[in-house]
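Read the structure below first, then the notes.
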Amino acid sequence: MAGVETEEVILPDGSKEERKTTLCCQAVCFVSIDGVADVLDVMNTDLPTDMETEVRKDCIDFALVRYFSPHPSTYERDTDYRPICPGPLRLNHCLWKFSESSRCRLSMCNRDGTPNRSFVQQGHMFGYTQEERLQVFQAEKRAYFGLLSPNSVQRLVHMTPEFLDDTMSLSDTWIETVTLM
């Protein structure tokens, strides 16, 4: 997506340095809102100027996205500011992890970070066993989501999650394959 942010990285000698990193996210779903004019009237507000061109036939579209951050083991960036994978895959791979919010998502957490009533009542959606549900809870409670205009997408990337060592379980580490021409 458009834009970069500055991340602090730890260099091999242990020192720290700021590096630009391109913004990257995973599209979770797409949302269309009909009746934009009615919604704005009820809220007694105007649409931000930069979004006015995105309204088509009184409808606006958004992508619900989950943000990525550079994996902590990456310290180099390529010319597009992507976090270069360390080791032998550095030639054409980048390494990411899911970004984490500074606070728990209140849709699933109490203020103290424990599962809230909604999460517990809908537990069957998050796993068959209590252990599976708690693993999902830990992995998702600080997930960093956003709503973006689909026009923010600059290019598609090819990414896949890595497996945890000696298991068939997926980690939150994602490897991006970069096509070289």
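The values are calculated or read from the model by the stated rules, or taken from the named source; none is laboratory data. Keep in mind the model is a prediction, meaning the values are calculated, not measured. Here the Cβ positions follow ideal geometry from the backbone for every residue, glycine too, while neighbour counts run over all protein chains shown.
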Query raised in the report: Conditions: (1) part of a strand (DSSP E or B); (2) surrounded by 14 or more Cβ atoms within 10 Å (Cβ to Cβ). Residue 28 meets all but one. Number of the miss?
Result: (2)
**Report entry** Criterion (farther than 25 Å from residue 178 by Cα and assigned by TED's automatic domain parsing to the domain that holds residue 151) met by exactly one of 24, 59
**Finding:** 59
Report summary line: Checking 81, 128 in turn, the sole residue that is at pLDDT 90 or above and on the phi > 0 side of the Ramachandran plot turns out to be 81
Query raised in the report: Residue check: is residue 33 surrounded by 10 or more Cβ atoms within 10 Å (Cβ to Cβ), in contact with a strand residue (DSSP E or B) (Cβ under 7 Å, 6 or more places away or on another chain) and within 19 Å of residue 145 (Cα to Cα)?
Result: yes
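Considering only residues that are of a type in the set (D, E, K, R) and surrounded by fewer than 15 Cβ atoms within 10 Å (Cβ to Cβ), which ones fall in segment 41-60? Lay out the reasoning, then the answer.
Going residue by residue through segment 41-60, those that are of a type in the set (D, E, K, R) are 41, 46, 50, 52, 54, 56-58.
Answer for segment 41-60, where residues must be of a type in the set (D, E, K, R) and surrounded by fewer than 15 Cβ atoms within 10 Å (Cβ to Cβ): 41, 46, 50, 52, 56, 57, 58.
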Requested in this report: Can you tell me which residue among 11, 40 is in contact with a strand residue (DSSP E or B) (Cβ under 9 Å, 6 or more places away or on another chain) and not β-branched (Val, Ile, Thr)?
Outcome: 11
Query raised in the report: Do we have residue 130 as farther than 22 Å from residue 72 by Cα and not assigned by TED's automatic domain parsing to the domain that holds residue 74 here?
Result: yes
Report summary line: Those residues of segment 135-181 which are aliphatic (A, V, I, L, M), surrounded by 15 or more Cβ atoms within 10 Å (Cβ to Cβ) and farther than 30 Å from residue 52 by Cα amount to 136, 159, 175, 178
Query raised in the report: Got a sec? Which of 157, 120 is among the aliphatic types (A, V, I, L, M), in contact (Cβ under 8 Å) with a residue 24 or more places away in the chain and at negative phi?
Result: 157
